[in-house]
Every structure is written in C-alpha cells, then in structure tokens.
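Any read-out appearing in this document is the output of simple, stated calculations on the displayed coordinates, not a laboratory observation. Remember, predicted model here, so these are calculated numbers, not experimental data. For neighbour counting, all protein chains shown are included, and Cβ atoms are generated from backbone atoms with ideal geometry for every residue, glycine included.
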There are 2 protein chains.
Amino acid sequence: MAEANTRRRTRGGGGAARRAERTAVKIETAKYIERNIPNFEVLNDEALEIIEANAETVLAEIGVNFVDNPAALERWRDVGAEIEGERVRIPRGLARELIKTAPSSFTQHARNPEKSVVVGGRNLVLAPVYGPPFVRDAQGGRRYATMEDFNKFVKLAYMSKWLHHSGGTVCEPTDVPVNKRHLDMLLAHMTLSDKPFMGSVTDPSRAQDSVEMCEILFGKEFVQNNTVMTSLININSPMTFDDIMMGALEVYAKNNQACIVSPFIVGGAMAPVSVAGTLTQVLAEVLAGVAYTQIIRPGAPVIFGAFVSSIDMNSGAPTFGTPEASHVTYGAGQLARRLGLPFRSAGSFCGSKLPDAQAAYETANSLNMGLMAGVNFMLHACGWLEGGLVADFEKFVMDADQLGVLHGLAKGVAYDENAQAMDAIREVGPGGHYLGCAHTQANFKEAFWKTDLLDYKPFETWEEEGARDTRALASARVEHLLANYKQPQMDPAIQAALEAYVADKKASMPDAFT
Amino acid sequence: MAEANTRRRTRGGGGAARRAERTAVKIETAKYIERNIPNFEVLNDEALEIIEANAETVLAEIGVNFVDNPAALERWRDVGAEIEGERVRIPRGLARELIKTAPSSFTQHARNPEKSVVVGGRNLVLAPVYGPPFVRDAQGGRRYATMEDFNKFVKLAYMSKWLHHSGGTVCEPTDVPVNKRHLDMLLAHMTLSDKPFMGSVTDPSRAQDSVEMCEILFGKEFVQNNTVMTSLININSPMTFDDIMMGALEVYAKNNQACIVSPFIVGGAMAPVSVAGTLTQVLAEVLAGVAYTQIIRPGAPVIFGAFVSSIDMNSGAPTFGTPEASHVTYGAGQLARRLGLPFRSAGSFCGSKLPDAQAAYETANSLNMGLMAGVNFMLHACGWLEGGLVADFEKFVMDADQLGVLHGLAKGVAYDENAQAMDAIREVGPGGHYLGCAHTQANFKEAFWKTDLLDYKPFETWEEEGARDTRALASARVEHLLANYKQPQMDPAIQAALEAYVADKKASMPDAFT
C-alpha cells in the first residue's frame, strides 16, 4: 500500500512536471534554413539569355531615372553611363561588370552571435511582415498600429522558433511622430529581441541614426568591419530610383551594411502584364540598383530583391498567391543565381481582409513558392494581411507555425541505413503496424514536423472544447506567448546608452507627422 | 436631348446585358492539365536505386499477403512466386517484369467525348473528394451524408471549370442500403454529369454492376475496347491485399478498365516513420498490385497510387500538408516515372474540422506538392475535410477555385516576342504605368488566372457588404451554382435503360446495411 501510494504520488508528480513542460514557453530559434532540396526552375537557358539580353537593351536604350539626386548622376557619369536630365543610360555590360564586386553571400550579425545569419548560397532567412499602417486581431478588430503593437510583434518574433530575423517596420507605429518612430522601432528590435534586424530607410538621416545606434549596440569598430543590418530599398518601378531610398542606400552601402534592392512589382501596373516582360524589367532595375551600391562601395553586401504581385484587372487590386506571381518569382530566382547574388522574394502574401481560408491559401502558395524559388531572404514571412495594409496578430503566429513546414521540406530525404528502415519492415511484416516497433520508438521524436498551433484532436474533443477555428486557436497562442515573454539579457550600460541616444535625438527636433 | 436619352438607354441596356453575363453560369470545363513545367525531385539516383533494391528484397524475402483469395495465390504460383499460406514471396525482378505490359498512359472516355481524359505522361487529371461518410456546410453543420448530398456534389463537380472528372464516392449516401448505393451513385455520375467517373469497389459484384451500367451508357463493344472507368483499389498497408479489393480489381482488369493500385499510408502507423522506409514499402506494394493486374489481363490500364499522410505522435491522428508527406509524394512520383506508370497522389488534404485557415494551409501545401510531384491523377482534389471524414460543400468550391491556380502554374512561361513585351517597356518608360498601354490592352484578358470566389475588394466595400469571410463567400457560390444547374443532354432511351437496370437490381435483393 505504501509503495502503491508512493508510486501514485510519483506518477502524479511526473504528470505535473509534464504539464508544466507542455505549458512552459521554450525560447528556441531554429538555425536559418540550409536547403538540401533543389531549386524549382521554370525558364530554360534560351529564355534566360533572351531576358538578360533584353535587360541590357532596357538599360542602354531606355535607361532608368535617378530622381532629385545630382550626386548620383555624377557618379554614374564617372563610371561611363550616359546622362540626359535625370535619365541614366547604362551601356551594355557595364552594370554587370560593376556588380562583380558584390559578395555572393554575407553574414548579418545579431547581438546574440548564435542568431547571426548567413544570407546567400542555399540558405533561407525568414523575417516578419514589414510596413503595415494597420493592425488587426480578433478582439480589437482593424485599427491604426501603435508602438505598443510594434513591441508585441517584436516579442512574438523573438519567441517564434522558425523566425530567424526580427525584421524592420513590423507595423507603422502611427502614434509616434514620423521623424522619431525609427528610433523607437530600432530600440525595440535591439532590446526586446536578440535576433538580427533592419535599419530605417525613410530618410538618409534616419539611416545614419540606425548606423549610430548599431555602433552603440555592437561597438563602432565592429560595425565598420561587419554587416549588422539588412535594409529594404524599394525601387519605384518602372525604373525610377528616388532620392530618399537612394540616400538611405548610400548611407548603408558606405557603411558596409546590406541593402535589398527591390523592384516593387504589381504586374500589369508597375511592370508588363507578361511574366517574361516583368522579369526583363526586374533584372534591369536590379542591375542598376546593385551596380549603384558597388559604385558607392565596392564589396558592399546587397541582395537581388523582387516584390511580386499580380493584379485583378477588374478592380486594379494587387493579388497574391497567383500562378503569375509564382512564375515571376521562380524566374527571378534563376536570374539572381546567374548573377551570383543573394535573392529576396515571397512572403506570407494575401489579399484577404481576415486570417481566413483565402488568406491561408494565398499565403501557403506564396510560402511554398518562396522556398522552391531559392529565396535567400524572405521578408513578410509571417503576419501579412490585406495586401500589406494590415499586420495581423493571429496570422502572425499562424504563418510562423507554417514556417516550420518550410524547415521540414528543406531538409530533404535521408537514405542512410536507419532511414531505409528495412529492419522495421521485417519486424512488422504484412498486416502489422509500426506504432510500437523499435524503429518507430527510436525515431518518432525527430521524424515529423510538429505544429504549435493546429488542431489534430478527435472531432468530439474539439467540439467539447468549443469548436474553435484556427483564428481562435491563434488568439490563445498570441496571448499565451505575450504573457510568457521574458526580455533577453542585455548589458544594462548598453541599454542605457541606447535609451539616451533615442532621448537625445528626440529632444533635438520638433515632432513631424509627414 | 433625344440623343442623350438614347445613349443613356443604350448604356443601360449594355449594363443589363453585362450584369446578365456576370450572373449567368457558364458551364465550361478546362482541358486536363498538360504540364509545361518540370517535376520536383527530392531523391538522387543513388537513393532511388537503394529504394528500388530494397523493395525487391521486401517482395522476395518478406512478401505480401493475398487474404481469403485462393485463386490469386494460384495465379501467383503459376507465374513463379513462392506461396506459403497466404504469403506471396515474389522473386527479385519478377514483378518488374510482369508490369512491363502496363501502359504508360491511357484514355478514360467520358460520355461527352470533349471531356475524355488522358491519364499519364505530363498530364494531371483532377477529381473530387472520395469516401466521406459525413457532409458539412455552414447552414446545416456536420451530419451523415445522404443521396441528396451526393447528387449536389456531382452537380457542383459538373459545373466546376477546373475539375476534369466526376470522381466516385464523393460522399457515402448513408440513407441508401450499402448493397444498393453504388447503383444510385453510378446513375448520378452518368446522368447528372457528362464527365468521366469511377466504378464501385466495395464488392466484386458491384464492380460487375458498374461494368454493366457502363455497357448501357457507352455500348457493350465500346466498353470492351476502351477504358471508361478508373477505380480506386486500396492496399491494406502494410503489404496486405484483401479479397474484396482484389475481387473488384480482378473484375476491372479483366474488362480493361483502369485501377488505381494505392497503398494507404499513415507514416509511422501503416509504414515506417522514415521517408525512405515508407517509399520502399510503397514501391513493394505497388509492384505487387500492379503486377497482379497484368497477371489478370496483360495491358490492362493501371495507376501507381500513393495515399500519403503522416501522423501526430501525440494523438495518433493522421496529419496533412506536412513536409514528410510531401517528401514521400515527391519520391513516389520519381519511382512511378522510373516504372513508366501513371501516378496518383495528393489532394485537398487537411485535418481541420472547419474550412478555415488550417484547412487552407494544409490543402494548399498538398495541392502545390501534387502539381510539383508530377501527379497524373489527383483524387480528392476538392472538398476534403477533417481527415476525409467529411465532404464540405463550401470547401468543395473553395478548393475547386484553387485548382485554377494549378492550371496557371502548369502553363509555364512564354518567351515569344509578345511575351518579352519590349515595346511595352519602351512605351511606358521610367515612372509611367502599364495599365493602359497597348500591350496590356492586348493581353490582359489571358494574362492572369481569375478567381471565381476570392475577395479583392477595397476594405470599405468589403465591410459594407457584410465583411464576409471565405466560407460565407463560398456558401453563396454553392447556392448560386446549384440554383443554376442544368442537366447535360442525354439520350432519353439510355437514361431510361439505366434507370430500369438500377430498379431491377434493387428489386433483386433485400436491403443490407453492412
């Protein structure tokens, strides 16, 4: 009896321990994806060569505009381009020659060295949604984003196993003046997370602030010798490079910080309605933008970017998860690899207003395509809603869970003796089952991707527990994660210095909301 | 004034005509997919050769069971297999030799010749969900399926542009006796649709009834010389071939009708927990099953099938849209192509209880994987819910819409002069837009896949219209389609003969519910 009691108590204790383990929040970050599967390629060599030749024709005969940026025009003239007003015509082969100094991959350092990422090669680095002015959740509905929302997203990204990167403007904190919000955003990334992050691009001075804050975080010398930010430089397609984005690019390239040079394509509006035509324009724009980074500083890290959506010709709305966007992305990946540049594209794209089935179809189409296309840096990998107008809390954790699927797919297929499982097949034999066999017992823990969110319960259990849909499960997960967030350790002196920098900067200028 | 009035009236009339066109239901069926994109392959030659050698070892040393089927054991003995009880051990190379007579592709004829399909090669034929005992819709919830539900699904499949096939047991009509429901199901496929369909496999006598009804529909001689049914023969994995399924297979093969020989895999339960081990077992099972069709009738059309899911090791529930299931499917496609057999796998798989985001992520993962894996016949391509327990009306039209995405992806990328769009890039130039340019005007109608369901409206419009989610939009579409259904034309004498056959058969035996 005494023994039985003891046993029961032990089992009870074990059960409590197991329950505690299940409810505890482990902060674990998977290493960036190193693909062990092929890339998916839709263009043959003939098509690639035609597109490459056409892109050179675009640069040489049509040219690109560098707007309100006389210094850029001077730089282009110095390297041999033909300047007419703000139009830059780049002789055949010149851009391709200039970009030879761009590295094929680079390390972006995180303040926690275990979370540094290598961008390029066969790797895939995942970063959250960027840019939405609105947020949404089931409880609060759709509303303008605030700094409080921003901080929550940074915490969720920090706690997500499958996100390697903290991102940049995960939402626009509209309650902070436009000319000061970059400071709060950077401070949040630097202090609430220890993953790598992005710098500000809304003004060259804000890019400079980003560099200076990194000098506090990482040390001045470290920043000059290493890449600690990857920032998003959009091209105003078709073929227009505005002074603000180029000004930010100049600051980053000069400081050896990485830029994503990224055409912003809504097919049929900002690019031709055909895939091959769009790829031609994308390649021409990227060649010009990447070449410009190398004019600023040869060897500066830079990514071949392509934000791709198609268009609904009835309404003019951008559309996502469509076959045409996939074709452009697959093709752009091939062009990037032929240039030897890291490639940024894809994301949790959708046009839906809610984190519903439409959102998930569109998102899954885009995420799968991104993995297959050989993307190296995937911005917007979770949380994107309503064409990018909304950062959605539930969708953030829903998408982040699906990023685990990409990790699993990228592993490829083992075929060593253990994986061949011949002993298991012999042991079980016709009509048996594998649930308890030795091979299953030895391998089941690592055999399958595990969701942190989706429901696999029997119908009756699920119904008794409230018949929750994915969004309801995600609401609970968001709440659970935020309730269990703990700030990663940081040298208090550095935190204080960062806070002082932000306070000084804010005090140095009046608020501006444009 | 008079002229203005006339104009206004003309515009009004045009508007009414356009509205009528928008609301009219066009019955249009896309041709089966002919892929112009590569297959995605995860196994290298070494892995494939190991798996192929191991599968021969499984057949020769472990063997498979043909249960309660002495005639099958005799047939196997006659071709050189070693029989021990119900165990059939197949010497190395024998199965591979036997399947050489199986065709690499075949035509399944529909009663409307325009809807006949060619299964094999680079084609993909899409068929709806198969087997659920329950149905669900937003209004009626989850309930046992009836013959009325069955008829509705046949009508929806008939009206779906992207479905090439009417399928088989789209749901189990549980209100009809088990021994008679195949008659009603076949009658529905034959009369409510003109697309190709599947035969009964729940008893050899019901397979025979299926053949006889086809003889009425197509003519006796036509059926003997052509394939008019593709039917699903599941293998009771691991390595067990039961007498009912084999009895149905024998009827179909003897009559030159196509069988899908399909291992039913829940990885970790019915197959090893590893991908390579699962593929070994799948290949061994398919080799034995396909060889058996060729023993029955050399040259009988047959498909390499693989129903693949993984398992949640906590609950034992099957899981869908997972990386491991994708790896098995990609690998099985490679093995099927090396055997020169058509390949069946994938579908609108999900474990979710509702047509929500979980359902859509899992489904989109599975559909994309199926296209990429080189699947030739995709059963369950729309309407699958809750691990196959439920056929969902809303999800049926949601998934069917996504099948349009697969059609678009499969097209590949054109790069002729029109597609290169150099004139458009010249015409628009830096800073312009492509919405109105000549190239866009000439190409926009065909440039992009168009949804029949998803919402692309501006937020404000969407909100004014009731802020509907995907399921609500799908409910409306189901209702609209069913209200506009019109039976395809049929020779009344044939319809009467089919109805008489069904009535006679039903009268010839008492109801049985097992």
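What residues of region B:323-338 lie in the reach of a label at residue B:104, counting those whose backbone N is under 14 Å from a point 7 Å from the Cα along Cα→Cβ?
B:336-338
Pairs A:395/A:450; A:395/B:152; A:395/B:155: which are spaced more than 23 Å apart, C-alpha to C-alpha?
Among A:395/A:450; A:395/B:152; A:395/B:155, the Cα-Cα distance tops 23 Å for A:395/B:152; A:395/B:155.
Shortest first and in nm to one decimal, what separations exist between residue A:139 and its copies in the other chains, measuring from label points 7 Å along the Cα-to-beta-carbon line?
Residue A:139 label point versus its equivalents elsewhere: 3.6 nm.
Inter-copy label distances at residue B:70, 7 Å along the Cα→beta-carbon direction, one decimal in nm, shortest first?
10.3
Dimensions of region A:333-439 along principal axes (Cα, Å, largest first)?
56, 38, 17
If each residue of separation counts as 0.36 nm, what is the full-extension length gain between residue A:57 and residue A:243 once their alpha-carbon separation is subtracted?
64.5 nm
For region B:352-406, compute Rh as the Kirkwood radius over C-alpha pairs and then the Stokes-Einstein diffusion coefficient at 4 °C and 1.567 mPa s; write the answer in µm²/s, rounded to an integer.
116
Using the 10 angstrom Cβ neighbour count as an exposure proxy, how do A:84, A:362 rank, fewest first? Spell out each step's value before the answer.
Values: A:84 9, A:362 27.
Listed from fewest to most nearby Cβ atoms, that is A:84, A:362.
Per 5 Å bin from zero, what fraction in whole % of the C-alpha pairs of region B:194-236 is there, up to the bin with the longest pair?
6, 22, 31, 24, 11, 4, 1
Per 0.36 nm of contour for each residue apart, how much would the distance between residue A:71 and residue A:27 grow if the chain were fully extended, relative to their Cα-Cα spacing?
Between residue A:71 and residue A:27, full extension yields an extra 11.2 nm.
Taking a spot 7 Å from the Cα of residue B:511 along the direction of its beta carbon, which residues of region B:138-154 have an amide N less than 14 Å from it?
Only B:147 fall inside the zone, counting backbone N under 14 Å.
Relative contact order for chain B: what is it in percent, counting Cα pairs under 8 Å that are at least 6 residues apart?
18
For the protein assembly as shown, with the dipole built from +1 on Lys and Arg beta-carbon atoms and -1 on Asp and Glu ones, taken about the Cα centre, which of A:80, B:498, B:480 lies farthest toward the positive end?
About the Cα centre, the residue reaching furthest to the positive side is B:480.
Just how far, in whole angstrom, is region A:343-384 from region B:387-422 if you go by their alpha carbon centroids?
16
Relative contact order (percent) for region B:259-392, with alpha-carbon contacts under 8 angstrom and 6 or more residues of separation? Before the final figure, lay out each step's value.
On the way: 255 pairs, mean separation 30.4, N = 134.
Computed value for region B:259-392: 23 percent relative contact order.
If I take the Cα coordinates of region A:135-225 and project them onto the principal axes, what are the three extents in Å, biggest first?
Sorted from largest, the Cα extents of region A:135-225 read 46, 32, 16 Å.
Sketch the reach of a paramagnetic label on residue B:146 as a point 7 Å from Cα along Cα-to-Cβ, and name the residues of region B:156-200 whose backbone nitrogen lies under 13 Å away.
B:173-176
With every atom except the alpha carbons ignored, what do you get for Rg and Dmax of region A:57-126, in angstroms?
When restricted to the Cα atoms of region A:57-126, Rg and Dmax are 17.3, 49 Å.
Just checking the output field for A:299-311: average partner chain Cβ neighbours within 10 Å of each residue's Cβ?
The shielding value for this peptide is 1.
Using a basic spin-label model with each label point 7 Å from the Cα along Cα→Cβ, how many nm lie between residue B:494 and residue B:45?
Inter-label distance under the simple model: 4.9 nm.
What number results when the radius of gyration of region A:405-514, computed over Cα atoms, is divided by 2.2 N^0.38 Å?
Values: Rg = 25.5 Å, N = 110, 2.2 N^0.38 = 13.1 Å.
Region A:405-514 yields a ratio of 1.94.
Along the charge dipole of region A:325-433, which of A:341, A:367, A:404 sits closest to the positive end, that is, farthest toward it, with unit charges on the beta carbon of Lys, Arg, Asp and Glu (+1, +1, -1, -1)?
A:341
Rg(Cα) of region B:420-471 divided by 2.2 N^0.38 Å? Write out the running numbers ahead of the final one.
Details: Rg = 16.2 Å, N = 52, 2.2 N^0.38 = 9.9 Å.
With N residues counted in region B:420-471, Rg over 2.2 N^0.38 Å equals 1.64.
How many nanometers, to one decimal and shortest first, lie between the label point of residue A:93 and those of its other copies, if labels sit 7 Å from Cα toward Cβ?
Distances to the matching label points in the other copies: 5.8 nm.
So how strong a dipole does the protein assembly as shown carry about its Cα centre when Lys and Arg Cβ are +1 and Asp and Glu Cβ are -1, to the nearest 20 debye? Intermediate results must be reported in sequence, preceding the final value.
Details: 98 positive and 122 negative charges, 111 e Å.
Once rounded to the nearest 20, the dipole reads 540 debye.
How big is Rg to Rh over the protein assembly as shown, alpha-carbon atoms, Rh as the Kirkwood inverse-mean-distance radius?
Computed over Cα atoms, the ratio is 1.00.
Let me have the relative contact order for region B:343-438, percent, based on Cα pairs under 8 Å that are six or more residues apart. Walk me through the numbers before you get to the answer.
On the way: 126 pairs, mean separation 23.7, N = 96.
So the answer I get is 25 percent.
Once you charge only the Cβ atoms, +1 for Lys and Arg and -1 for Asp and Glu, what is the size of the charge dipole of region A:38-108 about its Cα centre, to the nearest 20 debye?
280
Could you calculate the FRET efficiency of residue A:139 with residue B:225 from 1/(1 + (r/R0)^6), where r is the beta carbon distance between them and R0 is 60 Å, rounded to 0.05?
Efficiency for this residue pair is about 0.40.
Cα axis of helix A:2-23 to longest principal axis of chain A: angle in degrees, 0 to 90, nearest 10?
20
Under unit Cβ charges (Lys, Arg +1; Asp, Glu -1), what dipole magnitude, rounded to 20 debye, does region A:350-418 have relative to its Cα centre?
The calculation lands at about 160 debye.
Within 10 Å of each Cβ of A:406-418, how many other protein chain Cβ atoms are there on average?
Taking all residues of A:406-418 together, the mean is 6.
Return one number: the angle in degrees, 0 to 90 and rounded to the nearest 10, between the long axis of the Cα atoms of helix B:204-218 and the longest principal axis of the Cα atoms of chain B.
50
Put +1 on the Cβ of every Lys and Arg and -1 on every Asp and Glu Cβ in region A:103-199; which of A:134, A:191, A:106 then has its Cα farthest towards the positive end of the dipole?
My answer, from the dipole projection, is A:106.
How crowded by other chains is B:452-463, given as the mean number of beta carbons from other chains within 10 Å of each beta carbon?
The shielding value for this peptide is 5.
So, in nm, how far is label residue A:314 from label residue A:433 when the simple model puts each one 7 Å beyond its Cα toward the Cβ?
Taking the two extended label points, one gets 4.8 nm.
Could you work out the equivalent-ellipsoid semi-axes for region A:209-281, taking the square root of 5 times each eigenvalue of the Cα gyration tensor, largest first, in whole Å?
Semi-axis lengths for region A:209-281 are 33, 11, 8 Å.
To test your reading of the geometry: what angle, between 0 and 90 degrees and rounded to tens, separates the Cα axis of helix B:147-159 from the longest principal axis of chain B?
The angle comes out at about 60 degrees.
Order of A:468, A:338, B:477 from fewest to most other C-beta atoms within 10 Å?
A:338, A:468, B:477
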